[in-house]
Amino acid sequence: MLTTLNQDQDDEVLRVNTDLVVANVTVLDKDGKFVSGLRRADFQILEDGAEQKISAFSAEETPFAAAILLDTSGSMESRLTLGRSAAIRFLDGLRDEDVAEVYSFNTKVERWGDFSPGRDLPPRVYALQTKTMTALNDAILRAADDLAKRAEKRRAIVVLSDGGENYSRASSDKALDHASSAAATIYGVNMSESGPSRDLAGAAILKHLAEKSGGLYIDTPAGQELRDSFAAISEELGHQYTITYRSANRTRDGKWRTIQIKLSKPDVTVRTRKGYRAPKG
């Protein structure tokens, strides 16, 4: 029996400079737990409906690099302390071999140090104050470009924000383009207060970024649910399956190509990228 992940054509963009395509794949059971022990033969890859030959398959536990984006815009005035606490909680859950870096963003994007195995926030982050507007897309683009230079195969962008966007030069599509090019998965944590006053548009922005990149949207900014979500993200990033194939379609036409993954295991959920845009010229 084949369990199929249907992936509709979308405007998510994954640009590749060669014919090699890489997909980091998460497989979860019906309880949301990571499914380990799968082999290359368990996976089937189709591109635009045509089966592709897997050229490389990795299932080993491996380090990952994470960029933590802390929203310091004016709308986060009453939530910044909570945002810092969430960042520390995520850092606490990393393994010894994982590295992370902290960014802040309002109208400017600031990077506070370099990727490291440190488990505390850089001292200057504790002195940050909220102000002005929100350049969320620019922050994702900057983090993605930095992650693209990393040696780790698994990369994540963790956004701690109320989801507002009102200042970026980059569009959401361009930010997703850069994240896809870096093979970075976006996880959006909604830091705004739950209830009728919550900004639904901001929540939709975070959901959009997470879903398009194959990541997760987390609706709760604190408590046991957040701790469990962060633990699941760390486990996922450390245990994803990495599949590489060389596209049989060698046409360099810049067109969108869908990726479909079939798995020889029933009752599982498969999450990965929806496709990529072929190189041009």
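Report whether or not ARG169 is open to solvent by 60 Å² or more (accessible area, probe 1.4 Å), over 23 Å from THR26 (Cβ atoms), part of a loop (DSSP other than H, G, I, E, B) and charged (D, E, K, R).
yes
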Check your understanding: Would it be correct to say that THR107 is free of Cβ contacts under 8 Å to residues at least 12 places away in the same chain, hydroxyl-bearing (Ser, Thr, Tyr) and open to solvent by 40 Å² or more (accessible area, probe 1.4 Å)?
Key -> no
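Could you please let me know if ASP48 is farther than 25 Å from ARG119 by Cα and not aromatic (Phe, Trp, Tyr)?
yes
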Revision key, fill the gap. Expected output for the stretch 69-86 (first residue β-branched (Val, Ile, Thr), partner in a helix (DSSP H, G or I), Cβ below 9 Å, 6+ apart or cross-chain) is THR72/LEU80; THR72/GLY83
Practice item. Need at least 2 residues that are among the polar types (S, T, N, Q) and open to solvent by less than 20 Å² (accessible area, probe 1.4 Å) per element, so show me which strands (runs of 3 or more DSSP E) inside the stretch 176-281 make the cut, counting only ones lying wholly within it. Key: 184-190
Check your understanding: Residues of the stretch 26-60 being modelled with pLDDT of 95 or more, of a type outside the set (A, V, I, L, M) and either assigned to a strand (DSSP E or B) or under 22 Å from the mean Cα position of the chain (by Cα) (or both), which ones?
Key -> PHE43, GLN44, GLU47, GLU51, GLN52, SER55, PHE57
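Any chance you could count how many residues in the stretch 64-101 are β-branched (Val, Ile, Thr), open to solvent by 10 Å² or more (accessible area, probe 1.4 Å) and either modelled with pLDDT under 95 or under 16 Å from MET191 (Cβ atoms) (or both)?
Here the count works out to 2.
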**Study point:** Per-region count, the stretch 126-166, residues among the aliphatic types (A, V, I, L, M) and open to solvent by 40 Å² or more (accessible area, probe 1.4 Å)
**Key:** 4
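The values are calculated or read from the model by the stated rules, or taken from the named source; none is laboratory data. Just so it is clear, the model here is predicted, and its values are computed rather than measured. Backbone-built Cβ (ideal geometry, glycine too); neighbour counts: all protein chains shown. Areas reflect the complete protein model, heavy atoms only, side chains present, ligands, DNA and RNA absent. Shrake-Rupley method; radii C 1.70, N 1.55, O 1.52, S 1.80 Å.
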